[in-house]
Amino acid sequence: MTWHLAESKLSEDSLASQVVILTGAAGGIGSAIARVLHSRGTRLIVADFDEGGLSKLASSIDPTGQQVVPVTYDANNPADADSVVSTCLARFGQVDHLVPAAAIFEDQPFATMSDSQWRMAELMGKEGGICKGRGGSMHLADRSVGIISESGIVGGGLPLATGCAFSAKVRGLDQVSLCFFGDGAVNQGTFHESLNMASLWKLPVIYLCENNGYAVTVSVSQTHGQPDIALRAAGFGMPGVKVDGQDLDAVFEATEMAVKRARAGIGPTLIVAGTYRFDEHNAGLAIPGEPYRSTEEIESYKRNRDPIVLYHSALLKRGVSEERLRGIDLGVIEAIKEAVQFGFDSPLPQIETLSDCMFNSPLIGHNNFIAGLERK
Ligand SMILES: Cc1ncc(C[n+]2csc(CCOP(=O)(O)OP(=O)(O)O)c2C)c(N)n1
Ligand SMILES: [Mg+2]
């Protein structure tokens, strides 16, 4: 069977007479849309791969089974798509709209916006940002450079990176997943689960721990039964590589080795880069009470272990001129100034655009959805 559904917008007043196939309906925003549509009298095929989730959704919003019909399907199987459409025709005699409740990463124009200005505006939560301000500093994604997403959850990136590596392996691609996290994430369950699975399945992933000695204010020695984080790799059957995180060449070499291992199908690597933060966990964060580290400690790192200063010296030794380095510094300062100004000048997102970027198709009834949020 071949079929084609013209792109069309659902209008509020015709919802009661429409028949909609809603894919990705079983969870999250998908089930919220199903409820909105059902409350408007729309007849629905709710489709997803999650059979249990779907039937729970359908029976909770329409116990009669007359208006909302669940159909399980696998998005990778064209025959399943056909059967979704034929079920809809058999049950309702028509198909008016296909509405994919797809997640934010699909088909968004993010990939074209990749300079520092777009990213700075994103950090400020502005409309001009790479995710139009919806990602902010904690959930920024930039597919043009392979950033799938950050996570505001400590240790949240580890399973995402492991899943990406699994995906690359299944698809037979030579992509390697690189995951950054802090010493604070190492005691999360996600660290152990991810490293174990990646080692078992020899996934192409590099776990790069930035060990700056503190999780906000709590030191590694206060919280880690084994403060030598690289040693933990042995428990998962993978190499644990300790590297001076203030030395750019050392980090590059360790990462390059790990990429080669990953591409050769040997499996994951844990790299632990010893580093230090000059500022607080968030720049300018006020820490009340007793200081958790001494001014001498901070000053000593600033004076002796600043990676930019160290690399400056390394480049001078390699014959790069002082003048060239000054030119690079000035260029970077200028680019940052421009990016900050771009961020300030960019408007805040408007509430009417709340659901933009979340759906492949225009979202039906989204104004009501937003009005509901405003009431709360
Ligand atoms: C699951 C979870 N627990 C607690 C927090 C609050 N939190 C934010 S950052 C942080 C410490 C993270 O430590 P580390 O990764 O070493 O980051 P650093 O302080 O060095 O920047 C905590 C506990 C969180 N975001 N997520
Ligand atoms: Mg830390």
Using beta carbons and a limit of 9 Å, which pairs, at least six apart or on different chains, have the first residue in the range 183-195 and assigned by TED's automatic domain parsing to the domain that holds residue 207 and the second one within 9 Å of ligand 2 (Cβ to nearest atom) and part of a loop (DSSP other than H, G, I, E, B)?
183/212; 183/213; 184/216
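Residue by residue, here is whether (1) under 29 Å from the mean Cα position of the chain (by Cα); (2) surrounded by 12 or more Cβ atoms within 10 Å (Cβ to Cβ); (3) of a type in the set (A, V, I, L, M); (4) modelled with pLDDT under 95 holds:
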{"site": "268", "(1), (2), (3), (4)": "yes, yes, no, no"}
{"site": "274", "(1), (2), (3), (4)": "yes, yes, no, no"}
{"site": "280", "(1), (2), (3), (4)": "yes, yes, no, yes"}
{"site": "286", "(1), (2), (3), (4)": "yes, no, yes, yes"}
{"site": "297", "(1), (2), (3), (4)": "no, yes, no, no"}
{"site": "302", "(1), (2), (3), (4)": "no, yes, no, no"}
{"site": "327", "(1), (2), (3), (4)": "no, no, no, yes"}
{"site": "339", "(1), (2), (3), (4)": "yes, yes, yes, yes"}
Quick test for you: out of 172, 213, 189, pick the one residue that is surrounded by fewer than 19 Cβ atoms within 10 Å (Cβ to Cβ), at pLDDT below 95 and not aliphatic (A, V, I, L, M).
172
Quick test of your reading of the structure: residue 186 fulfils all but one of (1) within 14 Å of ligand 1 (Cβ to nearest atom); (2) of a type in the set (A, V, I, L, M, F, W, C); (3) assigned to a loop (DSSP other than H, G, I, E, B). Name the failing condition by number.
(3)
Counted residues in the range 191-206 being of a type in the set (Phe, Trp, Tyr), within 16 Å of residue 231 (Cα to Cα) and away from ligand 2 (no atom under 16 Å from the Cβ) come to 0
Scanning the range 243-260 for residues that are more than 16 Å from ligand 2 (Cβ to nearest atom), under 25 Å from the mean Cα position of the chain (by Cα) and either more than 17 Å from residue 312 (Cβ to Cβ) or in contact (Cβ under 8 Å) with a residue 24 or more places away in the chain (or both) gives 254, 255, 256, 258, 259, 260
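In the set 263, 232, which member is farther than 23 Å from residue 303 by Cα, away from ligand 1 (no atom under 12 Å from the Cβ) and in contact with an Asp or Glu (Cβ under 6 Å, 6 or more places away or on another chain)?
263
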Residues of the range 25-42 that turn out to be buried (at least 21 other Cβ atoms within 10 Å of the Cβ) and farther than 18 Å from residue 100 by Cβ, as a count
0
Taking the condition over 26 Å from residue 256 (Cα atoms), polar (S, T, N, Q), within 16 Å of ligand 2 (Cβ to nearest atom) and out of contact with any Lys or Arg (no Cβ under 8 Å at 6 or more places or on another chain), does residue 188 pass?
yes
Please indicate, with yes or no, whether at least one residue in the range 220-242 is outside any helix (DSSP H, G or I), polar (S, T, N, Q), touching a residue at least 24 places away in the same chain (Cβ under 8 Å) and more than 15 Å from ligand 2 (Cβ to nearest atom).
no
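Quick grid of which residues meet (1) modelled with pLDDT under 85; (2) among the polar types (S, T, N, Q):
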position: 95; (1), (2): no, no
position: 98; (1), (2): yes, no
position: 113; (1), (2): yes, no
position: 119; (1), (2): yes, no
position: 136; (1), (2): no, no
position: 145; (1), (2): yes, no
position: 151; (1), (2): no, yes
If only one of 164, 179, 209 is away from ligand 2 (no atom under 16 Å from the Cβ) and touching a strand residue (DSSP E or B) at 6+ places or on another chain (Cβ under 6 Å), which one is it?
164
Counted residues, the range 196-221 - those being more than 9 Å from ligand 1 (Cβ to nearest atom) and either charged (D, E, K, R) or within 24 Å of residue 284 (Cβ to Cβ) (or both):
2
If a residue must be over 17 Å from residue 131 (Cβ atoms), touching a residue at least 40 places away in the same chain (Cβ under 8 Å) and in a helix (DSSP H, G or I), how many such residues does the range 304-344 contain?
9
Being in contact with a Pro (Cβ under 9 Å, 6 or more places away or on another chain) and either in the same structural domain as residue 272 (by TED's automatic domain parsing) or aromatic (Phe, Trp, Tyr) (or both) narrows 168, 215 down to just 168
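Could you list, in sequence order, the residues of the range 61-100 that are assigned to a helix (DSSP H, G or I), under 36 Å from the mean Cα position of the chain (by Cα) and under 17 Å from residue 15 (Cβ atoms)?
Within the range 61-100, 61, 88 meet the criteria.
The values are calculated or read from the model by the stated rules, or taken from the named source; none is laboratory data. Treat the numbers as computed from the prediction; the structure is a model and nothing was measured. Neighbour counts are summed over all protein chains in view; Cβ atoms, including those assigned to glycine, are modelled from backbone coordinates with ideal geometry.
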